[in-house]
Amino acid sequence: MNAEDPGRIVLLTASHRVAPGLLSWPAWQTLHAADRVLCAEQDHPQLPYLREAGVTVEHSAPTAQELVDACAGGRSIVVLTGGEGSRPLTDGLARLAGSGRVQMPDLELLPGSYDLPGARLLDLVQVMDRIRIECPWTSQKTHKGLAKYAIEEAYELVEAIEDGDRDELREELGDVLLQVVFHARIAEEAEDEPFSVDDVAATLVEKLIHRHPHVFGDESAETPEDVHAHWLRTKAIEKQRDSVTDGVPLGQPGLALAAKLAGRVRTAGLDVALPTGDGIGYELLALAVRAEQDSVDPEAALRAAGRAYRDAIRAAEGNG
């Protein structure tokens with residue numbers, strides 16, 4: 001070793017969202033070549049696997065100055081940190097480097113494993129599990145008690161989409177996702193036929209693959225209309241419905257309900273006369289059916305008109 005060589009510090013991170021022991025080849029090479037490997041956490045999930053691989057790990061939490069001193073003479077020290085790193089240590093090293101008074105070792109941040117797309121969903125499931133157990137409000141909620149929030153969050157998501165606000169869109173998508181994870185967590189506790197968020201995801205994956213034979217199978221689809229036709233045929237086989245109205249939720253907003261029924265009738269090629277009667281309801285029904293025939297979402301159209309009405313009201317109030 002060169003006495004004047006300041007050495008090398010490697011901060012090795014490993015994602016807690018990846019199974020312990022699954023480290024990159026550069027990480028394993030660095031661990032085996034290091035003069036010392038340090039870890040402040042006695043229960044770090046990687047430790048058993050490092051021991052099995054013949055890597056000696058010291059339980060130590062040195063300060064930045066102590067770590068720099070330990071590297072003197074060209075030593076290489078690996079510090080195994082948590083998935084988010086060690087903020088006090090990195091801040092201390094940054095201060096030493098910025099002071100200009102210390103000959104700093106080479107510094108390297110080496111990710112030992114990387115998150116895959118969707119990895120933060122694991123954090124969401126973990127957080128949901130904890131608050132379900134520990135939060136007095138969350139722990140008492142039922143499917144029925146949460147039902148209204150699912151509707152509210154869906155409407156807030158639609159509003160964010162129509163407003164074109166990207167920050168709001170991201171947040172509202174999260175709120176809708178929360179409803180899914182929350183209900184799945186509650187379902188785990190059911191005495192009869194419990195299921196988890198993994199079961200929910202597995203069912204969805206199976207459905208998506210089955211309904212996209214042009215992507216995962218031998219079918220072909222050149223246009224969106226071809227895809228829609230595939231989707232309808234597959235659903236018809238899956239559901240084995242007695243009526244085209246089966247599966248249409250009657251609790252949805254009236255205009256959306258009318259448009260959905262009209263769409264089912266049109267797709268099935270049925271000739272169904274609109275019911276007639278006294279009252280505004282039948283007039284609205286006819287308007288909704290006409291909108292569906294013109295490929296217009298009547299709910300969205302009415303909301304747009306409602307927004308214009310709101311702006312007119314605010315203008316009349318002098319609010320601009």
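Select from region 87-135 the residues that are over 27 Å from residue 196 (Cα atoms) and among the basic types (Lys, Arg) and write down the one among them that is modelled with the lowest pLDDT.
87
Among the numbered conditions (1) open to solvent by less than 100 Å² (accessible area, probe 1.4 Å); (2) free of Cβ contacts under 8 Å to residues at least 12 places away in the same chain; (3) within 18 Å of residue 61 (Cβ to Cβ), tell me where residue 87 comes up short.
Unmet condition: (1).
From 82, 54, 100, 92, which residue is over 29 Å from residue 177 (Cα atoms) and either in contact with a Ser or Thr (Cβ under 7 Å, 6 or more places away or on another chain) or surrounded by 14 or more Cβ atoms within 10 Å (Cβ to Cβ) (or both)?
Values: 82 fails: over 29 Å from residue 177 (Cα atoms); 54 fails: either in contact with a Ser or Thr (Cβ under 7 Å, 6 or more places away or on another chain) or surrounded by 14 or more Cβ atoms within 10 Å (Cβ to Cβ) (or both); 100 fails: either in contact with a Ser or Thr (Cβ under 7 Å, 6 or more places away or on another chain) or surrounded by 14 or more Cβ atoms within 10 Å (Cβ to Cβ) (or both).
Answer to the check: 92.
Within region 273-296, track down each residue that is in a loop (DSSP other than H, G, I, E, B), closer than 23 Å to residue 249 by Cβ and open to solvent by 90 Å² or more (accessible area, probe 1.4 Å).
The one that is in a loop (DSSP other than H, G, I, E, B), closer than 23 Å to residue 249 by Cβ and open to solvent by 90 Å² or more (accessible area, probe 1.4 Å): 295.
Hey, residue 195 hits all of (1) touching a residue at least 24 places away in the same chain (Cβ under 8 Å); (2) over 21 Å from residue 303 (Cβ atoms); (3) open to solvent by 70 Å² or more (accessible area, probe 1.4 Å) but one; which does it fall short on?
(1)
Kindly list, by first and then second residue, each pair from a residue in region 113-142 that is polar (S, T, N, Q) to a residue that is open to solvent by 70 Å² or more (accessible area, probe 1.4 Å), limited to pairs with Cβ atoms under 7 Å and residues at least 6 apart or on different chains.
113/22; 139/133
Go through 225, 299 for me and flag whichever is surrounded by 14 or more Cβ atoms within 10 Å (Cβ to Cβ) and either in contact with a His (Cβ under 9 Å, 6 or more places away or on another chain) or among the acidic types (Asp, Glu) (or both).
Numbers: 225 fails: surrounded by 14 or more Cβ atoms within 10 Å (Cβ to Cβ).
Exactly one of 225, 299 is surrounded by 14 or more Cβ atoms within 10 Å (Cβ to Cβ) and either in contact with a His (Cβ under 9 Å, 6 or more places away or on another chain) or among the acidic types (Asp, Glu) (or both), namely 299.
Looking only at residues in region 136-162 that are among the aliphatic types (A, V, I, L, M) and open to solvent by 80 Å² or more (accessible area, probe 1.4 Å), which one is modelled with the highest pLDDT? Step through it out loud before you land on a result.
Pass one, region 136-162, residues among the aliphatic types (A, V, I, L, M): 146-147, 150-151, 154, 157-158, 160-161.
Those left that are additionally open to solvent by 80 Å² or more (accessible area, probe 1.4 Å): 151, 161.
Working: 151: 89, 161: 93.
Per the criteria, the residue is 161.
Let me confirm something: among 232, 173, 204, which residue is open to solvent by 50 Å² or more (accessible area, probe 1.4 Å) and farther than 27 Å from residue 298 by Cβ?
On the way: 232 fails: farther than 27 Å from residue 298 by Cβ; 173 fails: farther than 27 Å from residue 298 by Cβ.
Among 232, 173, 204, only 204 is open to solvent by 50 Å² or more (accessible area, probe 1.4 Å) and farther than 27 Å from residue 298 by Cβ.
With respect to residue 270, is the statement that it is more than 26 Å from residue 148 (Cα to Cα), open to solvent by 40 Å² or more (accessible area, probe 1.4 Å), hydrophobic (A, V, I, L, M, F, W, C) and not in a helix (DSSP H, G or I) true? Talk me through it step by step, then tell me what you get.
On the way: more than 26 Å from residue 148 (Cα to Cα): yes; open to solvent by 40 Å² or more (accessible area, probe 1.4 Å): yes; hydrophobic (A, V, I, L, M, F, W, C): yes; not in a helix (DSSP H, G or I): yes.
Yes: the conditions hold for residue 270.
Kindly indicate whether any position in region 233-242 is over 35 Å from the mean Cα position of the chain (by Cα), over 26 Å from residue 150 (Cβ atoms) and of a type outside the set (Gly, Ala, Ser). Spell out the reasoning first.
The first filter runs over region 233-242 and keeps only residues over 35 Å from the mean Cα position of the chain (by Cα), leaving 242.
Applying the additional criterion that residues be over 26 Å from residue 150 (Cβ atoms) yields 242.
Those left that are additionally of a type outside the set (Gly, Ala, Ser): 242.
Yes, that holds for at least one residue.
Name the single residue, out of those in region 297-320 being outside any helix (DSSP H, G or I) and more than 23 Å from residue 258 (Cα to Cα), that is modelled with the highest pLDDT.
Within region 297-320, the first condition is being outside any helix (DSSP H, G or I), and the residues that meet it are 297, 318-320.
So of that shortlist, the ones also more than 23 Å from residue 258 (Cα to Cα) come out as 318-320.
Values: 318: 87, 319: 76, 320: 62.
Going through the qualifying residues, I end up with 318.
Let's see how each residue does on (1) in a loop (DSSP other than H, G, I, E, B); (2) among the polar types (S, T, N, Q):
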site: 48; (1), (2): no, no
site: 51; (1), (2): no, no
site: 54; (1), (2): yes, no
site: 62; (1), (2): yes, no
site: 67; (1), (2): no, no
site: 89; (1), (2): no, no
site: 96; (1), (2): no, no
site: 108; (1), (2): no, no
site: 113; (1), (2): yes, yes
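The values are calculated or read from the model by the stated rules, or taken from the named source; none is laboratory data. None of the values given here were measured: they were computed from a predicted structure. Neighbour counts run over all protein chains shown; Cβ positions are idealised from the backbone, glycine included. Protein only, heavy atoms only, side chains kept; ligands, DNA and RNA dropped before computing areas. Shrake-Rupley method; radii C 1.70, N 1.55, O 1.52, S 1.80 Å.
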